[in-house]
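For reference, the structure is listed below as structure tokens.
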Amino acid sequence: KYDRLRNQLNASVTKYVDAKGTHNFKFGVEVERSKIRNRYAYSDDVQYYDIGGQPYLAYSYSYDVEGTNKRQSAYAQDQWTIGRVTANIGARFDGIGGEGQDGTTYYDTKQISPRLGLAWDVTGRGTSVLKGFYGQLYEGAMFQTWNRAGSGIGDYVIYEVDARNRLTEIDRISGASKYVVDDNIKHPRTDEFNVAYEQQLG
């Protein structure tokens, strides 16, 4: 069973200013708290292998993993138009963390990403526009980037099954986490560049 609960608060304000060209300022904040719980188990906790209907081997495995993604974001941008040129200039801050079911913070990153877009009205009639963009785009808060460092994974146990269906343990692999998240880890991102030309045909 995979449970998901996402709580998010967004707030923004836009301000229009007409001075040295026109400015359209936008500021905003976002706060996210996402709870995740992944559960898996066999009925009666054991899975059997059999030959001709007679069990000879069995194993058990389960997990119950919980965590909370915590994200705080803020952004500011300005759409600045001077004559036939419009610039979209902005920056975004993201603080993304991951907290395990034991209250331990396993994941903690902070990043600032710039955005810059330019559009030139080639003819002044709005029918031909040359555009360019550069930006750093970070992934959202993701449980899978850090959950293997937490707890909740059960042991993998192998049993031999005798003629009376009694189980004898023959091997066990610990489910205790073998992973840690580097203190200096960087959150996944894409650096995007693009150039486009738009022409109105009709």
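The values are calculated or read from the model by the stated rules, or taken from the named source; none is laboratory data. Note that the structure is a prediction, hence the values are computed from the model and not measured. Neighbour counts are summed over all protein chains in view; Cβ atoms, including those assigned to glycine, are modelled from backbone coordinates with ideal geometry. Ligands, DNA and RNA are stripped out before the accessible areas are found, and what is left, the full protein with its side chains, is counted by its heavy atoms. Shrake-Rupley method; radii C 1.70, N 1.55, O 1.52, S 1.80 Å.
For trypsin sites (Lys or Arg not before Pro), the sites in segment 121-195 that DSSP calls loop and that have at most 13 other Cβ atoms within 10 Å are R125, R164, R166, K178, K186. The calculated FRET efficiency for L57 paired with S177, based on their beta-carbon distance and R0 = 25 Å, is about 0.40. When all protein chains stay in place and ligands, DNA and RNA are ignored, the 1.4 Å accessible-area order of V46, V157, largest first, is V46, V157.
Extension gain, D50 to D78: 0.36 nm times the residue separation minus the Cα-Cα distance gives 3.3 nm. Evaluate E = 1/(1 + (r/R0)^6) for V122 and K186, where r is the Cβ-Cβ distance and R0 equals 45 Å; express this FRET efficiency to the nearest 0.05. Result of the calculation: an efficiency of 0.70. Amide H contacts for Y42 (H built 1.01 Å from N in the peptide plane; partners 5 or more residues away or on another chain; cut-off under 5 Å): Y61. Restricting the GluC sites (Glu not before Pro) of segment 130-202 to loop positions (DSSP other than H, G, I, E, B) with no more than 16 neighbouring Cβ atoms within 10 Å leaves E139. Each Lys and Arg Cβ is given +1 and each Asp and Glu Cβ -1; about its Cα centre, segment 52-132 then shows a dipole of about 680 debye. S177 sits with roughly 50 Å² accessible to a 1.4 Å probe, with DNA, RNA and ligands left out of the calculation.
Dipole magnitude for segment 105-154: computed about the Cα centre from +1 point charges on Lys and Arg Cβ and -1 point charges on Asp and Glu Cβ, it is near 100 debye.
Stretching the chain fully between K35 and N10 yields a gain of 7.2 nm (0.36 nm per residue, less the alpha carbon separation). Quick check: Cα centre of segment 74-148 to Cα centre of segment 156-202, how many Å? Here the answer is 27 Å between Cα centres.
A compact globular protein would have a Cα radius of gyration near 2.2 N^0.38 Å; the ratio found for the chain is 1.64.
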